[in-house]
Amino acid sequence: MYTVKGKADKNHLLTEHMPLVKRLAHHMKAKLPPSVEVDDLVQAGMIGLLDAINRYEDNHGAQFETYAVLRIRGAMLDELRSSDWMPRSTRQNMRKVEAAMEALQQRLGRPPSESEIAKSLKLSLADYQEMLGESGGHQLLYYEDFHEQDGDGGSDSFLDRYAVDDADPLRNLLDTDFRQAVIDAIDKLPPREKMLMGLYYEEELNLKEIGAVMGVSESRVSQLHTQAVARLRAALKEQLWTGPA
């Protein structure tokens, strides 16, 4: 694995970690609309792996695979952003859903039901659920969240507040109080959505497997996942867009 100079053998690292790229690509694909091709994610991920191999040093302070995962996922996300896989209109629709959820939560003192959210949006339940289905791949964080200004018109961005070390922004983000805020928000989800999030992110089941556990269709799991993420974004609005007081 190493040359006589102590440098990592790049070809060995590349071959050894190709399965990692494919695994991450398929896991990410499960969260995205059908229009996204897994091969495109794999190709972007390989670029990220090569970048990780070229940048990594033995004294980096982290295991290579840990470092590579961040680079691979980052490259895949860059590919998704550059191809605009989620139309702006879809993000705008989900912003409206988040706003409705936030207003209803404050008024009702509890998580609103799907019917209540649909009524607030002046949609039938079927149309609201169709909107959720079309918004598959709704994310907890969007690129634009990182650059929106605070309420006082300042330039303090989300990443400025939570991920000051460019070398490993994701780790710094998760090491802050934002991570605990996410955990708290998940704990307050309706029971079914809370279970879904646990099965998906902790047990790493795919949508079909979760559907079998929950006794619903794969498309219904996708709807509920999108709705759960919207609830989290609504609950975390202060952290996402205005920062801590």
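The values are calculated or read from the model by the stated rules, or taken from the named source; none is laboratory data. The structure displayed is predicted, hence computed values, not measured ones. Cβ sites come from the backbone with ideal geometry, for glycine too, and all protein chains shown count toward neighbours. Surface accessibility is based on the protein's heavy atoms, side chains included, excluding ligands, DNA and RNA. Shrake-Rupley method; radii C 1.70, N 1.55, O 1.52, S 1.80 Å.
What is the packing order of peptides 204-216, 96-108, taking the mean over residues of other C-beta atoms within 10 Å and listing the highest first?
In descending order of packing, they fall as 96-108, 204-216.
Given R₀ = 30 Å, what would the calculated FRET efficiency be for Lys194 paired with Ala99, taking r from the Cβ atoms and rounding to 0.05? Intermediate results must be reported in sequence, preceding the final value.
Working: r = 22 Å, r/R0 = 0.74.
It comes out at approximately 0.85.
Using only the heavy atoms of the protein chains and a 1.4 Å probe, how would Thr66, Thr90 rank by accessible area, largest first? Walk me through the numbers before you get to the answer.
Values: Thr66 60, Thr90 20 Å².
Heavy-atom accessible area, descending, gives Thr66, Thr90.
Testing the spin-label approximation: label points 7 Å from Cα along Cα→Cβ at Asp184 and Asp40. State their distance in nm.
So the label points at Asp184 and Asp40 sit 3.8 nm apart.
Report the extension gain between Tyr201 and Gln63 in nm, rounded to one decimal, defined as 0.36 nm multiplied by the number of residues separating them, less their alpha carbon distance. Walk me through the numbers before you get to the answer.
Numbers: separation 138, 0.36 × 138 = 49.68 nm, distance 2.22 nm.
Roughly 47.5 nm would be gained on extension.
Run the numbers for Lys237 and Arg107: contour at 0.36 nm per residue of separation, minus the present Cα-Cα distance, in nm.
On the way: separation 130, 0.36 × 130 = 46.80 nm, distance 1.65 nm.
So the chain would gain 45.1 nm between Lys237 and Arg107.
Mind giving me the nanometre distance, one decimal, between the label points for Asp78 and Lys119, set 7 Å out from Cα along Cα→Cβ?
4.9 nm
Filter the cross-link list Lys29/Lys237; Lys96/Lys122; Lys29/Lys96; Lys188/Lys208 down to pairs whose alpha-carbon distance in this structure exceeds 20 Å. Intermediate values should be presented prior to the final figure.
Details: Lys29/Lys237 26 Å; Lys96/Lys122 11 Å; Lys29/Lys96 25 Å; Lys188/Lys208 25 Å.
With Cα atoms farther than 20 Å apart: Lys29/Lys237; Lys29/Lys96; Lys188/Lys208.
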